[in-house]
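Engineer: Next up is a structure, given as structure tokens.
The values are calculated or read from the model by the stated rules, or taken from the named source; none is laboratory data. A quick note: this is a predicted structure, and the numbers were derived from the prediction, not measured. Positions of Cβ are generated from backbone atoms using ideal geometry, with glycine treated the same way; all protein chains shown enter the neighbour counts. Protein only, heavy atoms only, side chains kept; ligands, DNA and RNA dropped before computing areas. Shrake-Rupley method; radii C 1.70, N 1.55, O 1.52, S 1.80 Å.
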Amino acid sequence: AVCVAKLYDIAPDLVAERGFLETLHDLISDSNPSVVANAVAALSEIAESSGKDVMKISAAVLQKLLAALNECTEWGQVFILDSLAKYTPADGREAEGIIERVTPRLQHANSAVVMSAVKVILSYMELMGSSNSDAIR
């Protein structure tokens, strides 16, 4: 998966023509959390270099990312958390559910994981609104 991001730097048209972006999206559904994290890392790198949102997160993809978050390496967690920070939840309830799954990362030994978790939580706080003031505390 990581090599697709490097190939995109060299020949972005080739990546699009050969369907490598779709393959990366398919890899997000893989059962191996390391594969999921690497696919997210590659899509994030491609999005950064192209300026396009190639990481299309649906409700099904969201659940796969949250499941992989518990089992992948710490740097995989950083990539997944950063992609979650860019996702816009449908409503405050979904935002609260994601925050509940991310909150344990605040106690992680790696400061990058902690900062990425903080980024997710802060980006979703506005969606929760004042009606969920107990959850915010």
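Engineer: Skipping prolines and chain starts, which residues have an amide H placed within reach, meaning under 5 Å, of the one on Val54, given they are 5 or more residues away or on another chain?
Structural biologist: Ala47
Engineer: Where Lys and Arg each count +1 and Asp and Glu each count -1, what net charge lies around Val61 among other residues with Cβ under 14 Å from its Cβ?
Structural biologist: Once positives and negatives cancel, what remains is -2.
Engineer: Just to confirm a number: summing +1 for Lys and Arg and -1 for Asp and Glu over residues other than Val15 whose beta-carbon lies under 13 angstrom from that of Val15, what do you get?
Structural biologist: Local charge sum for Val15: -2.
Engineer: Can you give the accessible area of Ser29 in Å² (nearest 10), computed on protein heavy atoms with a 1.4 Å probe?
Structural biologist: Approximately 70 Å² of Ser29 is accessible to the 1.4 Å probe.
Engineer: Still on this structure: What size of dipole, in debye to the nearest 20, comes out for the chain about its Cα centre when the only charges are +1 on Lys and Arg C-beta atoms and -1 on Asp and Glu C-beta atoms?
Structural biologist: Dipole magnitude for the chain comes out near 200 debye.
Engineer: Add -39500 (n - 2.57) for each DSSP H run of 4 or more in the chain, then divide by its residues: what number comes out at 222 nm, to the nearest 500 deg cm²/dmol?
Structural biologist: -21500 deg cm²/dmol
Engineer: Of Lys64, Lys52, Lys86, which is the most mobile in a GNM of the chain whose springs link Cα atoms less than 10 angstrom apart?
Structural biologist: Answer for the Gaussian network model of the chain: Lys52.
Engineer: What does the charge count near Asp82 come to, summing +1 for each Lys or Arg and -1 for each Asp or Glu among other residues with Cβ under 14 Å from its Cβ?
Structural biologist: Values: positive: Lys86, Arg105, Lys119; negative: Glu45, Glu48, Asp53, Glu74.
The answer is -1.
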